[in-house]
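Peer 1: Here you go, one structure.
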Amino acid sequence: MRTWKTMLVALLALAGGFAVMLPVAAQQAGTQFMGILGYRVGPYGANGATFFTGMIDYMNLVNERDGGINGVKLSWEECETEYNNAKGVECYERLKARTATGPTAIHPMSTGITYGLIDKAPIDKIPLITLGYGRTDATDGRVFPWVFPILSNYWDAATGIVKFIGDKEGGADKLKGKKIVLLYHDSAYGKEPHPVLEAEAAKMGFELKLIPVPHPGNEQQSQWLQIRQYRPDWVILWGWGVMNATALSTAQKVGYPREKMVGNWWAGSEIDTEAAGPASEGYYAASLNLAGKDFQVVKDVEKFVYAKGKGGDPKLVGTVLWNRGLAASMLTVEAVRTAQGKYGKKPVNGEQVRWGIENLNIDQKRLDQLGFGTMVPPLKISCADHGGSGLVRFQQWEGGKWKAVSDWMSGDRALVRKMVEESAAKYAAEKGITPGCLKG
């Protein structure tokens with residue numbers, strides 16, 4: 001099997017190819033243009049490259065297998081952000097001017113970049129899809145009509161992890177008096193779960209210790225010294241990129257059991273676990289989607305895209321982040337399809353796509369038709385709820401692969417909704433926003 005370092009070299013070569021080809025495709029008249037804020041270099045490059053390869057593979061599938069969306073072909077351009085907030089905003093400004101209708105929707109793929117775009121999106125009328133990341137209170141679409149934390153948000157993840165830990169301990173009541181560490185990426189992303197975990201600690205009686213890891217996270221000796229001295233019952237890993245493998249490897253060095261570690265869904269890919277080798281065995285992670293090739297949509301990508309030489313790296317097919325990239329594209333495509341049902345079978349603009357996202361209703365029957373099956377949960381979006389399912393599923397790394405160890409489940413949805421509305425109301429007051437639903 002090729003190592004992730006070897007794969008990254010290949011992916012970077014592919015990224016160079018995209019830089020040449022995709023701007024040409026973006027200029028094609030009559031297409032539905034997708035602007036991609038990508039990153040394929042730096043400490044988060046392998047993760048980003050895997051996700052964006054999945055996104056592009058699905059768009060190629062829609063063009064090759066279906067002839068586009070109701071006859072409208074897809075085009076796209078990828079701009080390298082290096083997971084840098086300033087570069088992310090620069091890429092957004094560049095891509096929004098590429099066509100008369102602008103990009104269909106933007107996936108910032110960074111909580112920091114998302115924060116930098118939240119005030120721009122309503123002015124430019126470009127929806128932001130923040131699939132399992134970004135600003136959590138944007139789930140309240142009455143205050144954030146242009147932002148969509150689709151599937152589940154960070155507070156869903158955090159309360160889901162607490163519930164999972166409680167189940168492992170024999171029940172939520174057994175959490176009282178336990179010690180839990182949140183080892184987090186010291187960024188806007190890493191700070192998102194703090195409020196809800198603090199609320200959960202007060203509610204359930206466990207002791208919470210917050211330990212930050214500076215960017216990019218490849219040095220954690222002092223943090224794990226604190227953990228060894230504190231002797232927590234569980235460690236929640238809220239990392240990204242090189243930070244995750246470093247955490248697993250360092251945990252092994254200090255003797256902390258990986259079966260007492262639970263990552264969020266950005267700390268649970270093969271890139272993280274394979275890089276750490278045997279140190280990953282027994283590690284748990286939340287997930288927005290399942291890994292694997294036994295989904296019809298994956299088989300279709302292999303048949304209609306890779307067999308024609310139009311795919312990315314075949315070694316990525318079926319991995320956690322590649323599958324998540326497929327799902328991200330699918331949700332965007334279905335939003336366009338929904339918008340076409342109202343505005344006509346033609347390229348639709350950002351304002352129309354915003355309506356399409358807010359009216360998404362993808363049930364299990366539709367997931368089966370699309371070939372996704374149980375890869376992701378069903379979801380329904382509304383003005384008040386820009387999140388959808390709020391569900392999470394847990395997996396464990398064993399025998400060199402991820403094994404699902406739970407069904408789709410939710411954490412404390414009542415607490416999350418209460419905190420979302422309170423935080424959104426505070427934001428609305430600060431910005432002078434009158435909450436309400438936009439008309440289609």
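The values are calculated or read from the model by the stated rules, or taken from the named source; none is laboratory data. These figures come from a predicted structure and were not determined experimentally. We place every Cβ from the backbone using ideal geometry, glycine too, and count neighbours over all the protein chains shown. The area values use the complete protein model at the heavy-atom level, side chains included, leaving out ligands, DNA and RNA. Shrake-Rupley method; radii C 1.70, N 1.55, O 1.52, S 1.80 Å.
Peer 1: Only Cα pairs within less than 10 Å get springs; with that Gaussian network setup on the chain, which residue of Thr50, Thr31, Thr104 has the largest fluctuation?
Peer 2: Of Thr50, Thr31, Thr104, the most mobile in the Gaussian network model is Thr31.
Peer 1: So for the pair Glu430, Gln28, with labels modelled 7 Å out along Cα→Cβ, what separation do we get in nm?
Peer 2: 4.3
Peer 1: So what is the orientation-averaged projected area of the chain, using the convex hull of its C-alpha atoms, in nm²?
Peer 2: Values: hull surface 76.6 nm².
Mean projected area of the Cα convex hull: 19.2 nm².
Peer 1: Quick one: compute a quarter of the convex hull surface over the Cα atoms of region 240-301 and quote it in nm².
Peer 2: Seen from a random direction, the Cα hull of region 240-301 projects 4.6 nm² on average.
Peer 1: Further question on the same structure: Restricting to DSSP loop positions (anything but H, G, I, E, B) with no more than 14 other Cβ atoms inside 10 Å of their own Cβ, which GluC sites (Glu not before Pro) remain in region 189-275?
Peer 2: Glu219
Peer 1: Using Cα pairs closer than 8 Å and at least 6 residues apart in sequence, work out the relative contact order for region 51-198, in percent. The partial results should precede the final answer.
Peer 2: On the way: 159 pairs, mean separation 21.5, N = 148.
Taking the mean separation of contacting Cα pairs over the length of region 51-198, I get 15 percent.
Peer 1: Leaving out ligands and nucleic acids, and using a 1.4 Å probe, what accessible area per residue does the chain come to in Å²?
Peer 2: That works out to 37 Å² for each residue.
Peer 1: Pairs of alpha-carbon atoms within less than 8 angstrom and 6+ residues apart define the contacts here; what relative contact order does region 391-440 have, in percent? Write out the running numbers ahead of the final one.
Peer 2: Values: 30 pairs, mean separation 12.0, N = 50.
The normalised contact order for region 391-440 reaches 24 percent.
Peer 1: Hey, another quick one. Kindly report, to the nearest 10 Å², the accessible surface of Lys401 as traced by a 1.4 Å probe over protein heavy atoms only.
Peer 2: 130
Peer 1: Same structure again: Taking 0.36 nm per intervening residue step and subtracting the Cα-Cα distance, what contour gain separates Lys253 from Arg366 on full extension?
Peer 2: The Lys253-Arg366 span can extend by a further 36.0 nm.
Peer 1: Would you mind calculating the gained length between Tyr230 and Ala404 on full extension (0.36 nm times residue separation, minus the Cα-Cα distance), in nm to one decimal?
Peer 2: 59.6 nm
Peer 1: Have a look at region 120-217 and give its Rg and Dmax from the Cα atoms, expressed in angstrom.
Peer 2: When restricted to the Cα atoms of region 120-217, Rg and Dmax are 15.8, 50 Å.
Peer 1: Which of Ala428, Ala49, Ala247 ends up with the largest GNM mean-square fluctuation for the chain, with Cα atoms connected below 10 Å?
Peer 2: Ala428
Peer 1: Dipole of the chain, Cα-centred, from +1 at each Lys and Arg C-beta and -1 at each Asp and Glu C-beta, to the nearest 20 debye?
Peer 2: The calculation lands at about 400 debye.
Peer 1: Further question: Provide Cys91, Cys437 ordered by accessible surface of protein heavy atoms (probe 1.4 Å), highest first. Display every interim value, and only then the final one.
Peer 2: Numbers: Cys91 5, Cys437 85 Å².
Ranked from most to least accessible, the order is Cys437, Cys91.
Peer 1: Also: Roughly what % antiparallel, to the nearest 5, for the DSSP beta bridges in the chain?
Peer 2: 30
Peer 1: Can you tell which of Phe206, Tyr154, Gln229 lies farthest toward the positive end of the dipole of region 140-267, using +1 and -1 charges on the Cβ of basic and acidic side chains (Lys, Arg; Asp, Glu)?
Peer 2: Gln229
Peer 1: What is the angle, in °, between the Cα long axis of helix 242-254 and the longest principal axis of the Cα atoms in the chain? Nearest 10 is fine, range 0 to 90.
Peer 2: The angle comes out at about 20 degrees.
Peer 1: With springs only between Cα atoms under 10 Å apart, run a GNM on the chain and tell me which of Phe295, Phe52, Phe148 wobbles the most.
Peer 2: Phe295
Peer 1: How do 132-141, 373-382 rank on mean C-beta neighbours within 10 Å, highest first?
Peer 2: Numbers: 132-141: 26.1, 373-382: 19.5.
Most protected by this proxy first, the peptides run 132-141, 373-382.
Peer 1: Given the convex hull over the Cα atoms of region 34-93, what projected area results after averaging over all orientations, in nm²?
Peer 2: For the Cα atoms of region 34-93, the hull's average projected area reads 4.2 nm².
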